[in-house]
1. Going through segment 142-190 one residue at a time, which ones are part of a strand (DSSP E or B), over 21 Å from Glu91 (Cα atoms) and of a type in the set (A, V, I, L, M, F, W, C)?
2. In segment 10-50, what residues are at pLDDT below 50 and in a strand (DSSP E or B)?
3. How about segment 71-102: which of its residues are part of a loop (DSSP other than H, G, I, E, B) and either aliphatic (A, V, I, L, M) or at pLDDT 95 or above (or both)?
4. Taking segment 135-187 only, how many residues are more than 24 Å from Cys31 (Cβ to Cβ) and of a type in the set (Ser, Thr, Tyr)?
5. Run Met64 past the list (1) at pLDDT 95 or above; (2) crowded, with 18+ Cβ neighbours inside 10 Å; (3) touching a Cys at 6+ places or on another chain (Cβ under 9 Å); (4) not hydroxyl-bearing (Ser, Thr, Tyr) and report the number of the one that doesn't hold.
6. Considering only residues of segment 117-136 that are touching a strand residue (DSSP E or B) at 6+ places or on another chain (Cβ under 9 Å) and surrounded by fewer than 24 Cβ atoms within 10 Å (Cβ to Cβ), which is farthest from Ala56 (Cα to Cα)?
7. Is it the case that some residue within segment 108-123 is within 15 Å of the chain's Cα centre (by Cα), at pLDDT 90 or above and of a type in the set (Asp, Glu)?
Amino acid sequence: MGFHLPFPFLEDVDMVAEWDDAEAVSTPIDCPILVTERLVMRPPHDDDLPDLVALANNRRIADMLARMPHPYGEKEGRAFLMHTRDDRAGEVVYALTLAESGGFIGCAGLHRTERGLEIGYWIGEPYWKCGFATEAAHALVDLAFRASSVGALLASCRVVNPASRRVIQKCGFQYAGQGLLNSLAAGNVAVERYRLDRKTWISLRSWGRS
């Protein structure tokens, strides 16, 4: 199974670990266009709708996320695009596109929670096992620490998603306990929580290939 971290983001039913970084993420984060080796990460727009619906209408993806419904049609896609334009949402949302072709392959972003700032993303199934999740995650981690004063960044994945776990660990996140996720598609499921502090990020800023 390909890798895709939670996006839309996880919502807790029960948490083992608690965080103290929420107060550090009150300042809005600018959402510039991010360019990586193979990706252009930009704000979503209406032209993404056909590809968004085609890729998001996948039970294997929805089962790993909190707020992605299944089936996923044009109505759900338009609602998501409208949500990304709402400054009150407290989220930074990117469309992930291929640098060579401009093709849409998924979404990624940063979400403010009561515990702190959380990273999340999903990749369309045709693009799994290509390293795109790790590439996007590195860019988001760097953005979070450079554009805010947050002391730590959070991440989560379902316990049955080892590929997502590997991506999180490649970014330097440390395991910090388990909780439960109320997923629209999968119901009440177990998740693992991870945390990356600023000091660790500073030591890992030159992302190595693995």
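1. Within segment 142-190, Ala176, Leu180, Val189, Ala190 meet the criteria.
2. Hits for segment 10-50 are Asp12, Val13, Asp14, Met15.
3. Listed by number, the residues that qualify are Pro71, Tyr72, Gly73, Ala99, Glu100, Ser101, Gly102.
4. 2
5. That leaves (1) as the condition not met.
6. Glu135
7. Within segment 108-123 (the criterion being within 15 Å of the chain's Cα centre (by Cα), at pLDDT 90 or above and of a type in the set (Asp, Glu)), the answer is yes, since at least one residue qualifies.
The values are calculated or read from the model by the stated rules, or taken from the named source; none is laboratory data. No experiment lies behind these values; they were computed from the predicted model shown. Counting neighbours? That spans all protein chains shown, and the Cβs are built from the backbone with ideal geometry, glycine included.
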